[in-house]
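Trainee: One structure is given below, represented as structure tokens, and several questions about it will come after.
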Amino acid sequence: MKKNLKMVIILSFLLFLYTSICAISYAQNVSTDIANSVFRLHVLANSDREEDQNLKLMVRDKLLDYMNSICSNCHSKQEAISLVEENKDTFQQIAIDTIKEQGYSYSVKINIGNFEFPTKNYGDISLPAGYYDALRVEIGEAKGQNWWCVMFPPLCFVDVSSGIVPDESKELMENNLSEEEFALVSQEENNEIQFKFKLLEFFTNSGLITAKK
């Protein structure tokens with residue numbers, strides 16, 4: 001009897017271990033694929049003072065206008081990153097000019113890298129927490145609340161009132177993800193899909209997986 005019980009415990013543990021490894025591997029692969037399909041914008045304000053937060057939004061708007069003008073015909077994340085790298089100095093100058101126009105003299109630091117992001121909703125698209133390539137813009141001391149969006153596919157221009165992402169943006173994302181991965185980020189009304197998204201969030205937030213490069 002004790003021998004059988006011991007065998008059941010061992011088998012149960014091995015099954016649990018196998019299931020956990022499969023779940024972590026699945027979450028790691030999906031997180032990496034999603035991160036490899038998007039390029040984000042991250043703007044940090046000088047401080048949490050109201051004027052600094054308002055300034056951050058003004059800088060954001062100018063940068064998005066410029067990004068939209070040079071990347072409107074991009075069809076891949078790498079194409080968008082290449083354009084941003086080529087025009088990095090222009091992005092910085094636009095931010096500096098915007099700040100000066102508002103009567104401030106803050107410095108601006110621009111960096112393209114791989115940074116950690118929390119789970120974020122963009123209309124009817126949700127991106128899980130993880131490490132993503134992004135253009136980071138630090139204003140002054142960069143100690144204030146930050147703002148982020150997705151530059152490619154262009155989710156920064158989501159209609160906040162309707163909460164709907166443009167079809168063109170969805171199509172670009174869908175073309176760069178598997179059918180199931182796109183279902184995950186588009187939060188389909190499917191219990192299995194929603195469970196998998198929660199599973200992905202759990203493993204990412206617990207630090208068991210990252211998509212960091």
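The values are calculated or read from the model by the stated rules, or taken from the named source; none is laboratory data. This one's a predicted model, so the numbers in the text were calculated from it and none came from an experiment. Glycine also receives a Cβ, built like all others from the backbone with ideal geometry; neighbour counts cover every protein chain displayed.
Trainee: Given the conditions (1) in contact with a helix residue (DSSP H, G or I) (Cβ under 7 Å, 6 or more places away or on another chain); (2) surrounded by 21 or more Cβ atoms within 10 Å (Cβ to Cβ); (3) modelled with pLDDT of 85 or more, and given that Ser31 satisfies all but one, which numbered condition is not satisfied?
Mentor: Ser31 satisfies all of (1) in contact with a helix residue (DSSP H, G or I) (Cβ under 7 Å, 6 or more places away or on another chain); (2) surrounded by 21 or more Cβ atoms within 10 Å (Cβ to Cβ); (3) modelled with pLDDT of 85 or more except (3).
Trainee: Just to be sure I understand the filter: pairs with C-beta atoms under 9 Å, separated by 6 or more residues or on different chains, first member in the stretch 49-64 and closer than 22 Å to Thr90 by Cα and without any contact (Cβ under 8 Å) to a residue 12 or more places away in the chain, second member surrounded by 14 or more Cβ atoms within 10 Å (Cβ to Cβ) and not aliphatic (A, V, I, L, M). Which pairs pass?
Mentor: Taking only residues 6 or more apart or on different chains, the pairs are Asp61/Thr98.
Trainee: Then there is this: Out of Val137, Val165, Val158, report the one residue that is at pLDDT below 75 and either out of contact with any Asp or Glu (no Cβ under 8 Å at 6 or more places or on another chain) or closer than 12 Å to Ile34 by Cβ (or both).
Mentor: On the way: Val137 fails: at pLDDT below 75; Val165 fails: either out of contact with any Asp or Glu (no Cβ under 8 Å at 6 or more places or on another chain) or closer than 12 Å to Ile34 by Cβ (or both).
That would be Val158, the only listed residue that is at pLDDT below 75 and either out of contact with any Asp or Glu (no Cβ under 8 Å at 6 or more places or on another chain) or closer than 12 Å to Ile34 by Cβ (or both).
Trainee: Could you tell me whether any residue of the stretch 115-128 is aromatic (Phe, Trp, Tyr), touching a residue at least 12 places away in the same chain (Cβ under 8 Å) and more than 24 Å from Asn68 (Cβ to Cβ)? If you could, list the steps in order and put the result at the bottom.
Mentor: Keep residues of the stretch 115-128 that are aromatic (Phe, Trp, Tyr), which gives 115, 117, 122.
Retained after the next criterion (residues that are touching a residue at least 12 places away in the same chain (Cβ under 8 Å)): 115, 117, 122.
Now drop any that are not more than 24 Å from Asn68 (Cβ to Cβ), which leaves none.
No: the stretch 115-128 contains no residue that is aromatic (Phe, Trp, Tyr), touching a residue at least 12 places away in the same chain (Cβ under 8 Å) and more than 24 Å from Asn68 (Cβ to Cβ).
Trainee: Out of all the residues in the stretch 65-110, which are aliphatic (A, V, I, L, M), touching a residue at least 24 places away in the same chain (Cβ under 8 Å) and either out of contact with any Phe, Trp or Tyr (no Cβ under 6 Å at 6 or more places or on another chain) or over 15 Å from Val150 (Cβ atoms) (or both)? It would help to see each step written out before you state the result.
Mentor: Taking the stretch 65-110 first, the residues aliphatic (A, V, I, L, M) are 67, 70, 80-81, 83-84, 94-96, 99, 108, 110.
Among the residues that remain, those that are also touching a residue at least 24 places away in the same chain (Cβ under 8 Å) are: 67, 80-81, 84, 94-95, 99, 108, 110.
Selection gives Met67, Val84, Ile94, Ala95, Ile99, Val108, Ile110.
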